[in-house]
Amino acid sequence: MTLAGLAASVPQHGTNAINELLAGVKPDFVPVWVVPLTAIGIAIGITLAFVSVIAMFGTWLERKVAGHIQCRYGPMRVGWHGWLQPIADGVKLLLKEDMVPLGADRVLYVLAPAIVLASVLAAMAAYPLAPGFFFADIDLGIFFILAMTSTTTIGVVMAGWSSNSKWSLYGAMREAAQVVAYEIPLGISLLVPIMVAGSFNLLEVSRGQTGLWGMSWYVWPWVNPFMLPAFVLFFIAILAETKRAPFDLPEAESELVAGFMTEYSGIRWSFFFMEEYAAMFLYSVVGAFFFFGGFESPLTHFAAKFAGDGSVLYQVAAGGTLIVKGFAGVFLMMWLRWTLPRVRIDQVMTLGYKYLTPLALVCVLGAGLWEVFLAPHLPWRQYLP
Amino acid sequence: MVESKTVESKTVETRVDPHGPAQKNEREFMLDVRTQDLEVNMGPQHPATHGVMRILVRADGEICTGAQPHLGYLHRCAEKIGENVEWLQYLPYTDRYDYLAAMNNNLGYSMAVEKLMGIEIPRRALMIRTLCAELNRIGSHLIAFGTYGLDIGAFTPFLYMFREREWMMALFEKICGARLTYSYIRIGGVFNDAPPGWLSEVERFCDTFEEKWQEYVDLLMVNHIFVQRTANIGVISKAMALDFGLTGPMLRASGVDWDLRRDMPYELYAEIWKSGCFAIPLGTGERGTLGDCWDRSYVRVMEMIESIKIVRWCLGAIEPGPVIADIPKTLRVPTGEAYVGIENPRGELGHYVVSDGGKIAIRCRVRGPSFTNLAVLEELMPGVLIADTIAIIGSTDIVVGETDR
């Protein structure tokens, strides 16, 4: 698909709920072009707020999960079980002195966290909050998300290069090598569910898994036996993509002090963390869409059945289901982080290039053969998504 | 076989002088590309240097081509102080060099002075001393293994080990009032008898610890990533270990069967060894090469369980009686010199004291195991990856307070 074609595909599915809502209440004296602009502004605001809330909840959850895994409580003082801790931290970080290290490339140094956060915000635009409430229903939605999230690397390399610190440089180089190595298995392993679903569009993929009271997910082995291995590969790859343990080499606290973030402090430093948690959530959501039914769950199914497809109840149930699934993935990543030691850079590369990539290719081949030759003749064909 | 492997790994990547003549196959490449090694200061404030030590690492990308430890950031003139304060007054300073095994340090110094004075220590005091020293060895190895996990990237086992160490420190707090710097083992015995119920609590600690110890083994020691990160890394051959004068777990991990508790027995260790209740764990090369980082951790982990056995032996044999010999408040130590080496958790801790018959030592010299063990770093580092340098530093288990004293 050409770039022009891609651009043309965006407005086809209508813009978004906000646009329609605004168009309905627009007074006559307001010019027409104000409506989409306002809608865009509101959409950006909602996305920003959503990312912030996700990141804040993510940091809180991480500390609680870490605490409980390590036989302690985690934050307990600020609010009930420390639920206000992220806000307290945010205020602290905002009030910290804005420092740029001596000899740093000032422009890049300041720009890097912004790029990192902007890339994940852009990717979040393709995240549908609910089946009927989304900002950009892109036909190649998953391509857009993968492309945007991998832009993060540019910011990280900029941060590492501009900090004028050798540890930062190490972290940046590791990040670049790691992300390049793991983009490949990530993309390839996603091809398996894409082949089964026959679509790159998140909403359509979700719609394809509505059977069996909302439990007809692609991951089940009777749909395609290569789906589960593909999910395992996908999960390992997203761990590496989001720099989570055991692949947290770009940060590698005990080796590189704090990796590419070594020289950052205050609110700029927190941008990296917002990105990390938002990306974790976003990748988990992608996993939920392509393997675990997306919006679909028994809850969504019954909400649709009793309240109707267009009802607010259904939208809330579907959006809530997705968020729960997303955080289930995030929880799994946290659990791994607080359990496993870190692998070494050569092991990361070996795993990525020598094992994950070939295995992902095998999965694609196997899944393709299954879909073409076996799937049409399966006795349980009618129950498949 | 093992030796040749080490030598090989040293000559291939390692001793290449980056500024020297290029290798033959590199020459064409080197003609138009100017490369330069990166010099990185690992420390003095680095999470993995276990204190304030600086290691100047020369690196070619991710590969370390040379390393030089710089010491002295924590130098506190401990030995010189020993020559300026009275015999008993120096005891608290011994706590502070290897602060993770303060009981053992107390024991070493006390034994050196006792050797000069030729005093008889009551049997109950000997029991309590051995018990405390072994408990402290467990605590020290818990830190060593826990922080090693931290170096490798596993955060949680570290806190699990601190949980048990906390109990150990609570036990010491009950017996002497301090949690880290005990000064409990005194010249002539111990400061105070164990409070009522203390010994049975130690027994309960032993029971719990054996259970938890299995958890550490399952969680970290045989963890696949941990094994991958530590096996075949930083291999110290038998000959190399002896050449560098390594002691303690570092030496035993290389397969040298040498433990002062058995080979130069002090306190009650001759008796305990004869009873056959404990063994000396040696490196096996089970997961990689003999004398690699994994073996060093393995020896420490196994030593913990052996220490538990010694503690149990002491608990079974302890009898009521006095806990300190009758010594005057101000010691006047007879003229002479004495050297006593004891098996510290990190190796041989030697105290050499010289007296001219006065109230103050005229020479007080400490042979710290960390300091000697550290020397091997420079030899091990070249040719490994940056991440491995951390694994190697961690596996030497140095306490900077002791290297610098």
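Just give me the residues in the range A:129-145 being surrounded by 20 or more Cβ atoms within 10 Å (Cβ to Cβ), assigned to a helix (DSSP H, G or I) and hydrophobic (A, V, I, L, M, F, W, C), in sequence order. Answer for the range A:129-145, where residues must be surrounded by 20 or more Cβ atoms within 10 Å (Cβ to Cβ), assigned to a helix (DSSP H, G or I) and hydrophobic (A, V, I, L, M, F, W, C): A:I142, A:F144, A:I145. Only one of the numbered conditions (1) part of a loop (DSSP other than H, G, I, E, B); (2) buried (at least 23 other Cβ atoms within 10 Å of the Cβ); (3) away from chain B (no Cβ under 14 Å); (4) more than 17 Å from the chain's Cα centre (by Cα) is violated by A:P341, and that is (3). In the range B:218-232, the residues that are more than 11 Å from chain A (Cβ to nearest Cβ) and buried (at least 17 other Cβ atoms within 10 Å of the Cβ) reach residues that are assigned to a helix (DSSP H, G or I) and not aliphatic (A, V, I, L, M) with C-beta atoms within less than 6 angstrom, at least six apart or across chains, in these pairs: B:A231/B:W294. Considering the conditions (1) in contact with a helix residue (DSSP H, G or I) (Cβ under 6 Å, 6 or more places away or on another chain); (2) of a type outside the set (G, A, S); (3) outside any loop (DSSP other than H, G, I, E, B); (4) within 16 Å of B:M304 (Cα to Cα), B:L282 is excluded by exactly one of them, (3).
The condition of being assigned by TED's automatic domain parsing to the domain that holds B:I280, within 30 Å of B:V235 (Cβ to Cβ) and surrounded by 23 or more Cβ atoms within 10 Å (Cβ to Cβ) holds for B:G368. Might you check whether a residue that is touching an Asp or Glu at 6+ places or on another chain (Cβ under 8 Å), in a helix (DSSP H, G or I), surrounded by 19 or more Cβ atoms within 10 Å (Cβ to Cβ) and within 14 Å of another protein chain (Cβ to nearest Cβ) occurs anywhere in the range B:161-176? Within the range B:161-176, not a single residue is touching an Asp or Glu at 6+ places or on another chain (Cβ under 8 Å), in a helix (DSSP H, G or I), surrounded by 19 or more Cβ atoms within 10 Å (Cβ to Cβ) and within 14 Å of another protein chain (Cβ to nearest Cβ). The listed residues are B:K115, B:K174, and the only one of them that is more than 14 Å from B:I324 (Cα to Cα), in the same structural domain as B:R229 (by TED's automatic domain parsing) and in contact with a strand residue (DSSP E or B) (Cβ under 8 Å, 6 or more places away or on another chain) turns out to be B:K115. The residues on offer are A:F247, A:F272, and the sole one that is aromatic (F, W, Y) and assigned to a helix (DSSP H, G or I) is A:F272. Confirm whether A:A159 is of a type in the set (A, V, I, L, M), surrounded by 24 or more Cβ atoms within 10 Å (Cβ to Cβ) and within 14 Å of chain B (Cβ to nearest Cβ). Answer is no for this residue.
Residues checked against (1) more than 23 Å from A:T300 (Cβ to Cβ); (2) within 14 Å of another protein chain (Cβ to nearest Cβ); (3) in contact with a His (Cβ under 7 Å, 6 or more places away or on another chain):
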{"position": "A:V192", "(1), (2), (3)": "yes, no, no"}
{"position": "A:M195", "(1), (2), (3)": "yes, no, no"}
{"position": "A:F200", "(1), (2), (3)": "no, no, no"}
{"position": "A:E204", "(1), (2), (3)": "no, no, no"}
{"position": "A:W217", "(1), (2), (3)": "no, no, no"}
{"position": "A:P221", "(1), (2), (3)": "no, no, no"}
{"position": "A:R244", "(1), (2), (3)": "yes, yes, no"}
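Taking first residues from the range B:257-268 that are in the same structural domain as B:E120 (by TED's automatic domain parsing) and partners that are at pLDDT below 85 and outside any helix (DSSP H, G or I), the Cβ contacts under 9 Å between residues at least 6 apart in sequence or on separate chains come to B:R261/B:E267.
Within the range B:55-77, the presence of a residue that is outside the structural domain of B:G285 (by TED's automatic domain parsing), of a type in the set (S, T, N, Q), modelled with pLDDT under 80 and crowded, with 17+ Cβ neighbours inside 10 Å is excluded. Set side by side, the residues A:V120, A:V116, A:V107, A:V91 differ, and just one is loosely packed, with under 14 Cβ neighbours inside 10 Å and in contact with a Ser or Thr (Cβ under 9 Å, 6 or more places away or on another chain), which is A:V107.
Looking only at the range A:48-60, residues that are surrounded by fewer than 19 Cβ atoms within 10 Å (Cβ to Cβ) and either farther than 18 Å from A:M334 by Cα or of a type in the set (A, V, I, L, M) (or both) come to 5 in all. Restricting the range B:103-153 to residues that are on the phi < 0 side of the Ramachandran plot and either acidic (D, E) or not in a helix (DSSP H, G or I) (or both), the residue that is nearest to the other protein chains (Cβ to nearest Cβ) is B:D151. Here is the figure for the range B:307-356: residues that are surrounded by fewer than 19 Cβ atoms within 10 Å (Cβ to Cβ) and in a helix (DSSP H, G or I) total 4. When each of B:V340, B:V354 is tested for being out of contact with any helix residue (DSSP H, G or I) (no Cβ under 6 Å at 6 or more places or on another chain) and aliphatic (A, V, I, L, M), the lone residue that passes is B:V354.
Just to be sure, is B:L100 farther than 18 Å from B:R261 by Cβ, away from every other protein chain (no Cβ under 14 Å), within 19 Å of the chain's Cα centre (by Cα) and crowded, with 21+ Cβ neighbours inside 10 Å? It is true that B:L100 is farther than 18 Å from B:R261 by Cβ, away from every other protein chain (no Cβ under 14 Å), within 19 Å of the chain's Cα centre (by Cα) and crowded, with 21+ Cβ neighbours inside 10 Å. All of B:E201, B:E215 fail the test of being assigned to a helix (DSSP H, G or I) and either within 14 Å of chain A (Cβ to nearest Cβ) or at pLDDT below 90 (or both), apart from B:E215. What do you reckon, is A:V179 crowded, with 21+ Cβ neighbours inside 10 Å and farther than 20 Å from A:F234 by Cβ? No; evaluated as a whole, the condition is false for this residue.
Residues in the range A:248-271 that are hydrophobic (A, V, I, L, M, F, W, C) and surrounded by fewer than 24 Cβ atoms within 10 Å (Cβ to Cβ) were compared, and the one that is farthest from the other protein chains (Cβ to nearest Cβ) is A:I267.
Answer yes if at least one residue in the range A:281-288 is of a type in the set (S, T, N, Q) and not in a loop (DSSP other than H, G, I, E, B), and no otherwise. The answer is yes; a qualifying residue exists.
Of the residues making up the range A:51-99, those that are among the basic types (K, R), under 20 Å from A:E276 (Cα atoms) and in a loop (DSSP other than H, G, I, E, B) number 0.
Within the set B:W294, B:W273, the sole residue that is within 14 Å of B:M221 (Cα to Cα) and either hydrophobic (A, V, I, L, M, F, W, C) or not in a helix (DSSP H, G or I) (or both) turns out to be B:W294.
Based on this model, can you work out whether B:I143 counts as closer than 30 Å to A:A245 by Cα and among the aliphatic types (A, V, I, L, M)? Against the criterion (closer than 30 Å to A:A245 by Cα and among the aliphatic types (A, V, I, L, M)), B:I143 qualifies.
The values are calculated or read from the model by the stated rules, or taken from the named source; none is laboratory data. Nothing here was measured: the structure is a model prediction, and the numbers come from that model. Quick reminder, even Gly has a Cβ in these numbers, built from the backbone with ideal geometry, and neighbours come from all protein chains shown.
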